[in-house]
Every structure is written in structure tokens, then in C-alpha cells.
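K.L.:
Below is a structure I'd like to ask you about.
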Amino acid sequence: MINTEIKPFKATAFKSGQFVEVTEADVKGKWAVFFFYPADFTFVCPTELGDLADKYAELQKLGVEVYSVSTDTHFCHKAWHDSSETIGKINYYMLGDQTGTITNNFGVMRPGVGLADRATFLIDPQGIIQAVEITAEGIGRDADDLMRKVKAAQYVASHPGEVCPAKWKEGEATLAPSLDLVGKI
């Protein structure tokens, strides 16, 4: 999936108290996070979505839009948003993917189950996937680590010839791969 372009889709999302249509064309032109989760009204999912909601303003400052995706409907997303304090703080897009088109496009549909895996995709402004994280059902993701990956991907995109080493944080030294570095790290 890395370095591949997102595929066409059309879905209805719940965002800011409204239902809105979203396509792959809406995603291109800015950085985006697609945040797949199994189902609304569950257990680990709201903790992850709430954690991501806490980072949404910071992601927006970095020019990143967030699209959470489950195979629930946009109506279900609204009901969850209205009934849960944690989900109620979400301001990003909550895409309904009841046909499974988006989930299948990203290759994270659980065969025979109709639910998405717990997966995160970071997409650049050209619509190219730059990072992927997939975890097992019981393992929640960390929005702070996602923030680090966003900043690293944006840094590398704006600084050709440089790469970010393990545990890189914004402002730290990067590497410029060259023959001189071979065997020296």
C-alpha cells in the first residue's frame, strides 16, 4: 500500500452536525489521515477516536484532515456522536462505509465479517499513501505517535534528500543518506 494512490470512492460523512458527501477528490490537495475502526458503540474504538479528537486542532494546524471510517452508516455515527461524551468532541469527518468500498480499497476489510481492521493511513497531498499502521482488535493506537509520523512525513516531503531516523521528533537532527554513512550508523 505504501506509495500507492488512494482509489476512487464516494461516501456520506457526519461532520459538524451535518451529513456531507466526500470523495477521493476532496482528499487530494492536502495531507489526510484515514482512521479505520471496527464499529461504533464498542470499547477500544471510542478511546482511539477520542484521543484523535484531542489532536484534531493540532493536525489542522499542520494542514491535515482526518477521516474516520467504519462500516457503520453516517446515521449511526450521528447517533453515537449525540449519545457519547467522548465521541461528541469529534469535529473531523466520520465516514459511513456500509458498502465496504473504502474499507476494501484500503485492504482492511475483515473477510466474512463486514468490519474494518484497526488501521491508520497517512496520505500526502497527491493522494499517495505514505504510512500505514494496522493493529489487532485489542490494541489501541496512539495519536501522539501518529502526530510524530505526520511531522516526519511532512519534513521528508519538504526536504528531499533527508530522512528521519527512529524516534525522530520535530526539530531533531535528520540524516542525509550517502555513501559516507554506510556502516557508520
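K.L.:
Out of Thr101, Thr42, report the one residue that is closer than 22 Å to Ile134 by Cβ and either touching a His at 6+ places or on another chain (Cβ under 9 Å) or open to solvent by 50 Å² or more (accessible area, probe 1.4 Å) (or both).
P.N.:
Step by step, each of Thr101, Thr42 is checked, and only Thr101 is closer than 22 Å to Ile134 by Cβ and either touching a His at 6+ places or on another chain (Cβ under 9 Å) or open to solvent by 50 Å² or more (accessible area, probe 1.4 Å) (or both).
K.L.:
Given (1) open to solvent by less than 20 Å² (accessible area, probe 1.4 Å); (2) part of a loop (DSSP other than H, G, I, E, B), identify the lone condition not met by Ala119.
P.N.:
Failed condition: (2).
K.L.:
Starting from the range 68-88, take each residue that is within 18 Å of Asp117 (Cα to Cα) and list its partners that are open to solvent by 30 Å² or more (accessible area, probe 1.4 Å) and of a type in the set (A, V, I, L, M), counting only C-beta distances under 9 angstrom and pairs at least six apart or across chains.
P.N.:
Ser70/Leu115; Thr71/Met109; Thr71/Leu115
K.L.:
Does Thr99 count as of a type in the set (Val, Ile, Thr) and free of Cβ contacts under 8 Å to residues at least 12 places away in the same chain?
P.N.:
It is true that Thr99 is of a type in the set (Val, Ile, Thr) and free of Cβ contacts under 8 Å to residues at least 12 places away in the same chain.
K.L.:
Yes or no: Ala157 over 15 Å from Lys55 (Cβ atoms) and among the small types (Gly, Ala, Ser)?
P.N.:
The answer is yes for Ala157.
K.L.:
I'm trying to understand the selection: among the residues of the range 108-123, which are within 14 Å of the chain's Cα centre (by Cα) and more than 20 Å from Gly140 (Cβ to Cβ)?
P.N.:
Within the range 108-123, Ile123 is the sole residue that qualifies.
K.L.:
State all residues of the range 54-95 that are part of a helix (DSSP H, G or I), loosely packed, with under 15 Cβ neighbours inside 10 Å and small (Gly, Ala, Ser); if no residue qualifies, say none.
P.N.:
Ala57, Ser83, Gly88 - these are the residues of the range 54-95 that are part of a helix (DSSP H, G or I), loosely packed, with under 15 Cβ neighbours inside 10 Å and small (Gly, Ala, Ser).
K.L.:
Of everything in the range 122-132, what is out of contact with any Asp or Glu (no Cβ under 8 Å at 6 or more places or on another chain) and open to solvent by 50 Å² or more (accessible area, probe 1.4 Å)? Give them in sequence order.
P.N.:
Val132
K.L.:
If I filter the range 140-185 down to residues being β-branched (Val, Ile, Thr) and surrounded by 10 or more Cβ atoms within 10 Å (Cβ to Cβ), which single residue comes out as nearest to Phe36 (Cα to Cα)?
P.N.:
The selected residue is Val150.
The values are calculated or read from the model by the stated rules, or taken from the named source; none is laboratory data. Keep in mind that what you see is a predicted model, and the values were worked out from it rather than measured. So basically every Cβ, Gly included, is an ideal-geometry build from the backbone, and we count neighbours across all protein chains shown. The protein model used for the area step is the full one, side chains on, heavy atoms only, and it has no ligands, DNA or RNA in it. Shrake-Rupley method; radii C 1.70, N 1.55, O 1.52, S 1.80 Å.
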